[in-house]
Each structure stands twice: as C-alpha cells, then as structure tokens.
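Reading through the structure tokens given below for one structure.
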C-alpha cells in the first residue's frame, strides 16, 4: 500500500463534494476512487422507516464506478453547496489502520453559524491509494 498523507486524502475527499467546476469534479472523482469504487450511504432514518413499512428489512443507497460516483457527488453539490447555503469540511480527526481510513466531516453554513450536519466516513483503500469502498454514515 502506498504511503498515504491522511490530511491530504481527507481534504481532497471533502473538497470534491464542494467543487463547482464539473470538469474538475469529474477529474477529482477519478483521482480519488478506483475504477470500480463504490460509495455506500446509510439512508436517512425516514427512508429506512418507509422501507421497513413496505416490508424491506434493509435499504442500501449505492453508487458504483466513476460515472455513478460523479452523479452522486454532483447531486450532493447541487443540493447543499450550489445554492450558496453550506460548505463541507473535515473535522481533522482522520485515522488509519492498514488499508482502512476513518474520519468525520461536517456541513456548516457558508456564512458561519452552527454545524448543520455531521458524517462519519469509512474508506477502504486499494494498493494504489485510491478508494475501493466508501461507507458514509450521517450522524446528525
């Protein structure tokens, strides 16, 4: 496994979700994730409850491969960042155990104020240092 600078990795990861330029965002997705990399999002509680009410015991939201990952990142950008409402930032608590990296991020109002959302990211890295699996838990 390549020697990984955790601050650099987490800064690049968080930055891709706030990147306004589609070409730069596309390039960043390809630099961060492996070709068949996957992003798995823990669905919000309301979605899980609705799924349970329909008889589904689990609900998985997943984007696999560069094209789907680019769509996922773009949609998050359009919903949270593009309107000028929020920005994402790392909490600076990254840690690594072999090929697994964990860190927390937060979503804050662009103009200052209280944290609006917090998430935990668990990344599994490939031998080249790119993300093979990305598990995202929304914590608040």
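The values are calculated or read from the model by the stated rules, or taken from the named source; none is laboratory data. Every value quoted in this text rests on a predicted model; they were computed, and no experiment measured them. Every residue, glycine among them, receives a Cβ derived from its backbone with ideal geometry; neighbour counts consider all protein chains shown.
Here the strands (runs of 3 or more DSSP E) wholly within region 26-95 that include at least 2 residues being within 14 Å of residue 16 (Cβ to Cβ) are 33-41, 86-90. Among the residues of region 111-124, none qualifies, meaning not one is without any contact (Cβ under 8 Å) to a residue 12 or more places away in the chain, on the phi < 0 side of the Ramachandran plot and in contact with a helix residue (DSSP H, G or I) (Cβ under 8 Å, 6 or more places away or on another chain).
Of all residues in region 1-25, those satisfying the criterion of being part of a loop (DSSP other than H, G, I, E, B), closer than 16 Å to residue 82 by Cβ and without any contact (Cβ under 8 Å) to a residue 60 or more places away in the chain are 19, 21.
Yes/no matrix, rows are residues, columns are (1) in contact with a strand residue (DSSP E or B) (Cβ under 6 Å, 6 or more places away or on another chain); (2) modelled with pLDDT under 90; (3) within 21 Å of residue 101 (Cα to Cα):
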| residue | (1), (2), (3) |
| --- | --- |
| 18 | yes, no, yes |
| 34 | yes, no, yes |
| 38 | yes, no, yes |
| 59 | no, yes, no |
| 68 | no, no, no |
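Any residue at all in region 51-65 that's touching a residue at least 12 places away in the same chain (Cβ under 8 Å), farther than 23 Å from residue 140 by Cα and surrounded by 11 or more Cβ atoms within 10 Å (Cβ to Cβ)?
First pass over region 51-65, keeping only residues touching a residue at least 12 places away in the same chain (Cβ under 8 Å): 59-65.
Narrowing the set further to residues that are farther than 23 Å from residue 140 by Cα leaves 64-65.
After this cut, where a residue has to be surrounded by 11 or more Cβ atoms within 10 Å (Cβ to Cβ) as well, the list is 64-65.
Yes, some residue in region 51-65 is touching a residue at least 12 places away in the same chain (Cβ under 8 Å), farther than 23 Å from residue 140 by Cα and surrounded by 11 or more Cβ atoms within 10 Å (Cβ to Cβ).
Here residue 43 fits the description: in contact (Cβ under 8 Å) with a residue 12 or more places away in the chain and either surrounded by fewer than 16 Cβ atoms within 10 Å (Cβ to Cβ) or closer than 20 Å to residue 139 by Cβ (or both).
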